[in-house]
Amino acid sequence: MKISEISGKITAFIILTILIAGFIFTLTGKKDDFSLKENRNLATFPEISFSALTDGSYGKQLNQYITDHFFRREKWVSAQADINSYTGGKIINGVYMDSNRLLDTEVSSREISKKNIEAVNKFFGNYIGTAYFTAIPTTSGIYGDKLPEYLMTNPERNQIDFLYDNLTDGIRTIDTYNILRMLSDNYIYYRNDTRLTSYGAYYVYKTVIQKLGFRPSSYDKYTINHITSDFRGNLYNRCLYNGTKSDILDIYSYSVGAEVTSCTAYCNNGMTYRKTLNDEKFLESGDMYRMYLGTEEPFIRIKTSVNNEKKLLLIKDSYADCFIQFLIQHYSEIAVISPEHMEKPLSSFINPDNYEQTLFLFGIESMDNENLFDFINK
């Protein structure tokens, strides 16, 4: 027998042994309900039923269960990402892996929901105040030139323009794309997440707050607290690639300015509770970014020591979570609405007409969710 044949059989035996051992450990090992690194719930063991067996869904559920709980699964996925990166396979689970940053490759497949546009226009038609809309590009919208050209057939610049062009004339759109593009050499986006850093959010704030009629707070008046330098965000959760440097989460405090006097969360079940603007316990979770605003709730009312009786209604997604810290200096009250967590109509929580200004602030990626604003006009 040739040496090459012996070597091949030994290699095959070793691989088979590893797979068998992994399967045994998978069946007998401890099962977790949640993956911290992927920030998601893991599949539960499927219940056997006649319908599930006949329509094939049981097999799919069982396969997902085994995949989710395979022995040392996270290490295998991370190792696969590293190997793919070294061998030229740059994309895993829709994430383009680069040593400088991770990028979402699903940009071009998104379409702005006309249903969302119609809902915002209808809201404005019934609203007596002034409405503003700003759509924030994702990291792929600003650094899309790093992606292969075939992945950028519908860039986010086009998506933002389409959104703004179809909003009714009375809604004041605020462009942030150009300022972020100009600052792209700075640390304005996380390397492992689609969203803005607090530094990037400050420059969005500077642009937005002037359109809202205020003079922005000076950057040098802020004290910056580096909370952690170990942040791995929503793009890392999808590929577990460790070749990109982890990120920093910052909290900005304005030492000579206004303070938050109360922060109250309103739940869908009618319960309320006091909370803080930031919650550092989430630094121990799989979603460190949740430190900004803490536990997700449909409505948060923030009151400040600003004595001007100006009130803002902010309808937002998570792109605004680290942006809110800069608004504190300008409003006596900020009502924060998170559509993704609303289970009741907006009118169950507040009357929008009690707020002279309404700001819609969303990452452009959220605007393809056609059910995003179902709550707004009920």
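Values quoted throughout were computed directly from the atomic coordinates according to the rules given, and no laboratory measurement underlies them. In this text the structure is predicted, and so the values were computed from the model without any measurement. Note: ideal-geometry Cβ built from the backbone for every residue, glycine included; neighbour counts use all protein chains shown.
Before moving on, here are some points about what is shown:
- Close amide H partners of Asn278, meaning residues 5 or more places away or on another chain with modelled amide H under 5 Å apart, are Leu293.
- Protection proxy ranking of 197-210, 320-333, 344-357 - average other beta-carbon atoms within 10 Å, highest first: 320-333, 197-210, 344-357
- Distance between modelled label sites at Asp368 and Asn308, nm, 7 Å Cα→Cβ extension: 3.8
- 3J(HN,Hα) along the stretch 108-124, derived from phi through the Karplus expression 6.51 cos²θ - 1.76 cosθ + 1.60 where θ = phi - 60°, amounts to 5, 7, 7, 10, 5, 6, 5, 4, 5, 4, 4, 5, 5, 4, 5, 4, 5 Hz, with x in place of Gly and Pro.
- Here the Karplus relation 6.51 cos²θ - 1.76 cosθ + 1.60, evaluated at θ = phi - 60°, turns the backbone of the stretch 361-372 into coupling constants of 10, 9, x, 4, 5, 6, 7, 8, 7, 5, 9, 4 Hz, with x for every Gly and Pro.
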